[in-house]
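Notes follow once the structure below has been shown.
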Amino acid sequence: MRRLHSMAALSLAAALTATVTGQVLAGSPEFAYTPEKWSTLRDNKLEYDEIADLVHEYNPTVVNNQASYEQNREGDLGRSDGDIAASYRNSARQIYQQIEMMDPDSPTYDTTVLTLEQQAKALEASATSAEVGNFGMQTQNKQTEATIVASTKTLMITYHQLLLNLDLSKKNLDLLKSQYEAVQRKAAVGMATQMEVLNAKSAVENGEMSILTTEKQIRTTRQSMCLATGWAYNANPEIGQLPSVSKEDILAIDLEADKETAVKNNFTLSINRHRLNSTRVPESKETLEETIANNESQIRSSVTSNYQALLQAQADYEQAEAELVLAQKQADTAALNLSIGNLSQLEYQQQAYALEGARISVRLKEMAVLQAYETYKSGVAGLASAG
């Protein structure tokens with residue numbers, strides 16, 4: 001049962017000012033989704049394809065940002081962002097004019113000028129901020145939400161990768177213990193040194209420590225996922241499986257079209273374009289035009305790099321599949337040799353471990369493809385680096 005969702009609404013409502021009292025702070029109104037959709041979002045299972053909706057409805061940062069935006073929008077008095085910025089700059093100019101009219105021989109001239117200049121610079125900073133205005137604030141909120149969604153998806157991928165690594169570490173520990181026991185038997189008959197025994201024992205201890213470290217990472221990753229999607233950090237929701245990305249999905253990508261879509265959707269670029277349209281200062285316009293041109297170039301470059309990383313991840317996955325085929329053949333040969341007495345049980349165990357490692361490597365590489373695919377898609381959707 002997800003208890004934090006309703007509790008979060010109450011605690012956030014108490015923390016925020018009265019202007020937003022009565023909003024559904026921890027989620028949208030009931031009519032936003034079908035009853036069936038709400039049921040899946042409110043159950044005790046965290047599914048990969050629900051992450052975006054869960055973050056939107058229950059993430060504390062997202063909820064607070066939206067509340068702040070509503071407050072700010074109510075206080076703009078209907079003026080445009082450009083008008084507000086112009087008002088700040090006009091006040092700054094008046095202060096500079098006041099400074100020009102002051103008597104330089106006055107004993108308080110230096111300290112007064114310093115104070116007035118600080119006030120003028122603060123007003124200019126407020127003007128720059130106003131150029132972004134409500135549109136910029138809303139866009140920044142969307143960017144923050146998209147970033148949280150992307151990072152939460154990464155957390156789930158990492159969580160499943162850690163589970164696989166834990167499984168492999170446990171199998172490795174079994175092998176290390178068998179090797180340690182074998183070295184002890186050899187040492188008992190004078191066929192191994194005490195140093196070899198100590199090294200084998202140290203390997204077992206390192207294996208045990210590796211398991212403890214991975215288990216801690218799993219707990220931490222799980223807690224971060226829970227907090228990002230509305231559960232308490234110590235909740236115990238069922239974690240769903242990951243989707244897979246097919247080679248056909250990758251082949252269907254139109255890189256050139258996606259680069260232009262990324263430019264259109266980019267959050268940082270949208271804010272800079274809005275500032276360009278809002279500013280009344282020629283020098284600021286010139287600077288922003290240069291910034292925007294650089295943004296567009298960097299976004300296209302970022303999407304291209306993400307695409308190349310995706311292709312490399314797919315190639316790595318295919319290579320891992322080929323290595324698994326080879327490992328399976330070697331394991332089959334080892335099983336045959338074991339059955340006819342040409343291979344020891346320990347040697348067979350080593351080969352079996354190598355096969356399991358190859359199997360897990362394929363699954364890890366498959367998850368790496370998913371991560372690269374998500375990075376590419378989120379870049380196209382607005383998160384590509386704009387420099």
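Within segment 368-385, is there a residue that is charged (D, E, K, R), touching a helix residue (DSSP H, G or I) at 6+ places or on another chain (Cβ under 9 Å), open to solvent by less than 70 Å² (accessible area, probe 1.4 Å) and in a helix (DSSP H, G or I)? Yes: segment 368-385 contains one or more residues that are charged (D, E, K, R), touching a helix residue (DSSP H, G or I) at 6+ places or on another chain (Cβ under 9 Å), open to solvent by less than 70 Å² (accessible area, probe 1.4 Å) and in a helix (DSSP H, G or I). Residue check: is A187 over 28 Å from T214 (Cα atoms) and touching a helix residue (DSSP H, G or I) at 6+ places or on another chain (Cβ under 6 Å)? Yes; evaluated as a whole, the condition is true for this residue. Pairs are defined by a Cβ separation below 7 Å, a sequence spacing of at least 6 or placement on different chains, a first member in segment 187-205 that is touching a residue at least 12 places away in the same chain (Cβ under 8 Å) and within 26 Å of S169 (Cβ to Cβ), and a second member that is surrounded by 15 or more Cβ atoms within 10 Å (Cβ to Cβ) and of a type in the set (D, E, K, R); the pairs so defined are V204/K177. When we screen L343, L269 for residues that are among the hydrophobic types (A, V, I, L, M, F, W, C) and assigned to a helix (DSSP H, G or I), the only hit is L269. Only one entry of A354, A327 meets the criterion of being more than 30 Å from A262 (Cα to Cα) and either among the β-branched types (V, I, T) or open to solvent by less than 30 Å² (accessible area, probe 1.4 Å) (or both), and that entry is A327.
Criterion applied to L176, L155, L164 was being assigned to a helix (DSSP H, G or I), free of Cβ contacts under 8 Å to residues at least 40 places away in the same chain, open to solvent by less than 70 Å² (accessible area, probe 1.4 Å) and under 26 Å from R359 (Cα atoms), and the one residue passing it is L176. Residue check: S244 meets all listed conditions (1) assigned to a helix (DSSP H, G or I); (2) open to solvent by 30 Å² or more (accessible area, probe 1.4 Å) but one, namely (1). All of L346, L310 fail the test of being surrounded by fewer than 14 Cβ atoms within 10 Å (Cβ to Cβ), touching a helix residue (DSSP H, G or I) at 6+ places or on another chain (Cβ under 8 Å) and in contact (Cβ under 8 Å) with a residue 40 or more places away in the chain, apart from L346. Is it the case that segment 247-255 has a residue that's of a type outside the set (A, V, I, L, M) and buried (at least 19 other Cβ atoms within 10 Å of the Cβ)? No, every residue in segment 247-255 fails to be of a type outside the set (A, V, I, L, M) and buried (at least 19 other Cβ atoms within 10 Å of the Cβ). Tell me whether segment 279-297 contains one or more residues that are open to solvent by 20 Å² or more (accessible area, probe 1.4 Å), under 30 Å from A381 (Cβ atoms) and either in contact with an Asp or Glu (Cβ under 6 Å, 6 or more places away or on another chain) or not in a helix (DSSP H, G or I) (or both). Checking segment 279-297: not a single residue is open to solvent by 20 Å² or more (accessible area, probe 1.4 Å), under 30 Å from A381 (Cβ atoms) and either in contact with an Asp or Glu (Cβ under 6 Å, 6 or more places away or on another chain) or not in a helix (DSSP H, G or I) (or both). Pairing residues of segment 360-383 that are of a type in the set (D, E) with residues that are open to solvent by less than 20 Å² (accessible area, probe 1.4 Å) and at pLDDT 95 or above, at Cβ distances under 8 Å and at least 6 apart in sequence or on separate chains, gives E374/I157. Among the residues of segment 186-239, the ones that are closer than 15 Å to Q161 by Cβ and among the small types (G, A, S) come to 2 in all.
A count restricted to segment 36-49 and to residues that are open to solvent by 10 Å² or more (accessible area, probe 1.4 Å), touching a helix residue (DSSP H, G or I) at 6+ places or on another chain (Cβ under 9 Å) and in contact (Cβ under 8 Å) with a residue 40 or more places away in the chain stands at 3.
Looking across segment 112-141, the residues that are loosely packed, with under 15 Cβ neighbours inside 10 Å and either in contact with a Phe, Trp or Tyr (Cβ under 7 Å, 6 or more places away or on another chain) or modelled with pLDDT under 80 (or both) come down to A122, A125. Quick check, is K216 part of a helix (DSSP H, G or I), among the charged types (D, E, K, R) and under 30 Å from N64 (Cβ atoms)? Taking the combined requirement at face value, the residue satisfies it.
The values are calculated or read from the model by the stated rules, or taken from the named source; none is laboratory data. Predicted, not measured: the structure shown is a model, and the values here were computed from it. Glycine gets a Cβ as well: all are built from the backbone with ideal geometry, and neighbour counts include every protein chain shown. Just the protein is used for accessible areas: all its heavy atoms, side chains included, with ligands, DNA and RNA removed. Shrake-Rupley method; radii C 1.70, N 1.55, O 1.52, S 1.80 Å.
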